[in-house]
């Protein structure tokens, strides 16, 4: 399948109400072909759950916008996942222009809950998986400009997250990696930035916490997936070619 459009690879777009899905829609509206990844066992095990048809629904929605769209169910915690994924994308839709590292592993755990297994599960997706995906993107990049890596992070650098220690630590590593990688690849025409979208309503926020966050918000609401998606679209655009190595806290003033 050939196309003159740019191609965006978005990880972790399993759920139609998530940030990954919103980013896929926004980039499709901007004219990008879209390849996204899913991993239903993770979401199925979480309180919010998932419908088995959601990935197909998202693909059909994107195709209805007039772009090419495909997805792959893949466990990004596996060491060879990044190579397998990029091989599959190349065979299906072509070379990747924009990589959005949205997939994440997160379970609550304070200091008393920490185990080697819990730490390793966070590390395998949030750190190793993200870094190896970046490596494959850079390794296969053959253009002189227009490359974009956009990593999703959290607000762990703004306030403590004592009940999410493994998650906070691995997301802190995302920010450190983003800054250093940006300097390493700018001459190749690739920018690297990280986005912290703040508390975003993707179905995970319990009603009591939702009310608390809404009351604390200067905007009187929590973030929506579309808020993050619009910033991702900008960072993927030519207008953002001079922006790199940045950790952007897009949190509505919170």
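Just so it is clear, none of the values below were taken in a lab; they were calculated from the coordinates. Quick caveat, the model's predicted, so the values are computed rather than measured. Here the Cβ is made from the backbone with ideal geometry for all residues, glycine too, and neighbour counts use every protein chain on show.
List of remarks:
- As a rough guide to protection, the peptides 77-86, 121-130, 16-25 ranked by mean Cβ packing within 10 Å, highest first, stand as 16-25, 121-130, 77-86.
- With the simple model of a label 7 Å out from the Cα in the direction of the Cβ, residue 83 to residue 254 spans 4.1 nm.
- Here is how the number arises for the chain: DSSP H runs of 4 or more residues each give -39500 (n - 2.57), the sum is divided by the residue count, and the result at 222 nm is -12000 deg cm²/dmol.
- Segment 1-44-segment 137-154 distance, computed between alpha-carbon centres (Å): 16 Å
- Between 63, 224, 51, the Gaussian network model of the chain with springs among Cα atoms under 10 angstrom shows the greatest mean-square fluctuation at 51.
- GNM top mover of 104, 64, 236 - the chain, alpha-carbon springs below 10 Å: 64
- Acute angle (nearest 10 degrees) that the helix 207-216 long axis makes with the longest principal axis of the chain, alpha-carbon atoms: 80 degrees
- Against the chain, whose longest principal axis comes from its Cα atoms, helix 19-29 is set at around 30 degrees.
- Separation in nanometres of the label points that stand 7 Å from Cα toward Cβ, at residue 183 and residue 117: 4.0 nm
- Helix 130-140 vs. the chain, principal-axis angle (Cα, 0 to 90°, nearest 10): 10 degrees
- R0 of 35 Å, Cβ-Cβ distance residue 48-residue 143: FRET efficiency to nearest 0.05: 0.35
- Segment 72-127 - Rg (one decimal) and Dmax (whole number), Cα, Å: 14.5, 46
- Segment 75-111 and segment 178-254: distance between their alpha carbon centers, rounded to Å: 19 Å
- Cα pair distances in segment 1-143, grouped into 10 Å bins until the bin that holds the longest one, percent each: 12, 42, 33, 11, 3, 0
- Anisotropy class of segment 154-254 from Cα gyration tensor, a/c 1.5 cut: oblate
- For the chain: rounded, prolate or oblate by the Cα gyration tensor [a/c cutoff 1.5]: rounded
- Top of 228, 44, 159 by mean-square fluctuation, Gaussian network on the chain, Cα under 10 Å: 159
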